[in-house]
Amino acid sequence: MTEIARLLLTGRALAGRIPDDLIALIARLSIAGVFWQSGQTKVDGFMVTDSAVFLFETEYQLPLVSPVIAAHLAALAEHLFPVLLVLGLASRLSALALLGMTLVIQLLVYPGAWPTHGTWAACLLIILAYGPGRFSLDHLLAPRLGLRPAAA
């Protein structure tokens, strides 16, 4: 075996030792930060700003929903679901909701931003597919609810 092959095998073995729970935690915290920061740009205290509504009227222009309702729903989603992800509570539901929001943004608002949205989707899909990991309230509550804990 060559030295390069040995180094590659060693690197693969080291990477394989990264705990899944750590990966899930990083995915949850990082994507929560992205959406929380976006939500913060839409509010002043507990009120949705006029500038946020203006963006939904002029730039985002979502079909089938009024800009006022869309601005309020986006602000709520961008605050509620990140908090749940940080806590690891209703993690899969939160990831699914934010993935849906990401798809709407990608398909209807900024179709050219697929590299960014793909990164968001990857984090959300990790949570959706594999769960929030052991560092979550979901993991702690699962046995009490008669559910099998998320895989570690």
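The values are calculated or read from the model by the stated rules, or taken from the named source; none is laboratory data. Quick caveat, the model's predicted, so the values are computed rather than measured. Glycine gets a Cβ as well: all are built from the backbone with ideal geometry, and neighbour counts include every protein chain shown. SASA here: full protein model, heavy atoms, side chains in, ligands and nucleic acids out. Shrake-Rupley method; radii C 1.70, N 1.55, O 1.52, S 1.80 Å.
Among the trypsin sites (Lys or Arg not before Pro) in the stretch 1-82, those located in a DSSP loop and surrounded by at most 12 other Cβ atoms within 10 Å of their own Cβ are R17.
Remark: the L103-S30 segment gains 24.5 nm on full extension, using 0.36 nm per residue and subtracting the alpha carbon distance. Here the dipole of the stretch 1-48 is about 120 debye; that uses its Cα centre as origin and unit charges on the Cβ of Lys and Arg (positive) and Asp and Glu (negative).
Using the Cα centre of the chain as origin and beta-carbon charges of +1 (Lys, Arg) and -1 (Asp, Glu), tell me which of M101, G11, L84 is placed farthest towards the positive end of the dipole. Value computed over the given set: G11. Simple point charges give the picture: +1 on the Cβ of Lys and Arg, -1 on the Cβ of Asp and Glu, and for the chain a dipole about the Cα centre of about 740 debye.
In this structure the amide hydrogen of T49, modeled in the peptide plane, comes within under 5 Å of the amide hydrogens of V43, D44, none closer than 5 places in sequence on its chain. Kirkwood radius for the chain, taken over all pairs of different Cα atoms as the inverse mean of 1/r, rounds to 17.2 Å.
Accessible surface area normalised per residue over the chain is 63 Å², counting heavy atoms of protein chains with a 1.4 Å rolling probe. 3J(HN,Hα) along the stretch 66-74, derived from phi through the Karplus expression 6.51 cos²θ - 1.76 cosθ + 1.60 where θ = phi - 60°, amounts to 5, x, 5, 5, 4, 4, 5, 5, 5 Hz, with x in place of Gly and Pro. Hey, any idea what % of the stretch 90-142's accessible area is carbon plus sulfur with a 1.4 Å probe? Accessible surface attributable to carbon and sulfur in the stretch 90-142 totals 78 percent.
Along the axis of the charge dipole computed for the chain (Cβ charges of +1 for Lys and Arg, -1 for Asp and Glu, origin at the Cα centre), the listed residues P115, L141, F54 are led at the positive end by L141. Computed from phi, the 3J(HN,Hα) profile of the stretch 29-39 under the Karplus parametrisation 6.51, -1.76, 1.60 (θ = phi - 60°) reads 5, 5, 6, 4, x, 4, 6, 4, 4, 5, x Hz, with x in place of Gly and Pro.
Between L14 and L93, the modelled label-to-label distance comes to 4.2 nm, taking each label 7 Å out from Cα in the direction of the beta carbon. Only helices enter the 222 nm calculation for the chain: every DSSP H run of n ≥ 4 contributes -39,500 (n - 2.57), and dividing by all residues gives -20500 deg cm²/dmol, rounded to 500.
Stretching the chain fully between L140 and Q40 yields a gain of 33.0 nm (0.36 nm per residue, less the alpha carbon separation). In plain terms, the bigger the Kirkwood radius, the slower the diffusion; for the stretch 74-152, with that radius from Cα pairs, at 4 °C and 1.567 mPa s, Stokes-Einstein puts D at 98 µm²/s. The HN-Hα couplings worked out from phi for the stretch 77-85 by the Karplus form 6.51 cos²θ - 1.76 cosθ + 1.60 (θ = phi - 60°) are 4, 6, 9, 5, 5, x, 4, 4, 5 Hz, whole numbers, x standing for Gly and Pro.
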